[in-house]
1. So how do PHE147, PHE112, PHE193 line up by other beta-carbon neighbours within 10 Å, fewest first?
2. Quick one: net charge of ILE72's neighbours, Cβ under 13 Å, K/R +1, D/E -1?
3. When ranked by the protection proxy of mean other Cβ atoms within 10 Å per residue, highest first, what sequence do the peptides 200-212, 25-37, 99-111 form?
4. What is the set of long-range amide H partners of PHE91 at a cut-off below 5 Å, with H atoms built 1.01 Å from backbone N?
5. Quickly estimate the mean residue ellipticity at 222 nm for the chain, helices only: each DSSP H run with n ≥ 4 gives -39500 (n - 2.57), and the total goes over all residues, rounded to 500.
6. When DSSP assigns beta bridges and you keep just the ones with both residues in the chain, what percent turn out antiparallel, to the nearest 5?
7. State, as an integer percentage, the relative contact order of the chain based on alpha-carbon contacts under 8 Å between residues 6 or more apart.
8. Could you list the square roots of 5 times each eigenvalue of the Cα gyration tensor of the chain, that is, the equivalent ellipsoid semi-axes, sorted largest first and rounded to whole Å?
Amino acid sequence: MNTPGQWSGMGLSQLSNQKSRSISAENPNGAKGGGAMADAAPDGPARELGRGWKCRPSITIQPGETAALADISGPGMLQSLWMTGYTGRDFILRIYWDEQARPSVETPMADFFSMHWSEGNGIFDGPLVHVNSLPVAVNPNKGMNCFWEMPFRRHCRVTLENRNPGEPKVLYYQINYCLGEVPENAAYFHAQFRRVNPLGYLQPYVILDGVNGRGHYVGTTMGWGINNNRW
């Protein structure tokens with residue numbers, strides 16, 4: 001949903017001319033009035049319902065395939081992401097701003113939403129996970145949400161790669177965004193994933209380095225596995 005005046009810093013009371021849009025498996029292009037327009041699956045129980053019903057709640061990403069979840073012409077801003085289904089590290093999330101060659105976000109999908117120990121093929125596989133914070137929430141169980149402000153000026157592309165060599169994986173998702181002018185001082189969102197397994201004895205773990213220029217460091221989420229039997 002659109003938060004009026006969000007870029008001006010005035011909050012909910014400030015009116016805005018930004019246009020709200022939403023992308024999902026039902027409306028992969030975010031077209032206005034484009035929801036519930038997908039044809040029913042030919043071999044599924046909804047085959048006689050046709051359009052106007054929720055016939056495509058998810059997508060299946062084949063082994064080695066990279067699915068394009070969003071391809072948006074700007075200017076605009078991503079406002080929230082919701083994802084669930086398969087929650088293991090075979091899903092790699094990437095986000096590209098303004099036709100860049102390398103992604104500004106590149107991380108396993110679940111780790112992006114602070115779910116570091118959620119291996120499993122379904123929503124109810126693995127441990128129960130709750131995350132409660134302002135920018136990221138996982139509730140009631142592996143329903144992954146984030147509310148980072150992610151502006152772009154010309155273009156936004158969101159992809160998800162299935163790195164499993166032999167199994168297709170299912171994704172439920174929704175990407176909410178708005179279209180409108182972006183202020184000159186609006187920053188691009190970045191996120192990266194690092195893993196050391198195992199970390200050497202008395203070796204420091206590097207969280208962040210090599211960053212240049214202006215920006216805001218907005219935080220780190222860390223999953224720590226204990227491999228020492230004396231713990």
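Taken together, the values in this text are just the output of simple stated rules run on the coordinates, not laboratory data. This one's a predicted model, so the numbers in the text were calculated from it and none came from an experiment. Here the Cβ is made from the backbone with ideal geometry for all residues, glycine too, and neighbour counts use every protein chain on show.
1. Least to most surrounded, the residues fall as PHE193, PHE147, PHE112.
2. My count for the surroundings of ILE72 gives +2.
3. Those peptides, ordered most packed to least, come out 99-111, 25-37, 200-212.
4. Those qualifying (amide H under 5 Å, at least 5 residues apart or on another chain) are MET109, ARG163.
5. Values: 1 runs with 4 residues, N = 231.
It comes out at 0 deg cm²/dmol, rounded to the nearest 500.
6. On the way: 47 of 49 bridges.
Beta bridges within the chain, antiparallel portion: roughly 95 percent.
7. 26 percent
8. On the way: eigenvalues 176, 139, 50 Å².
The three semi-axes for the chain are 30, 26, 16 Å.
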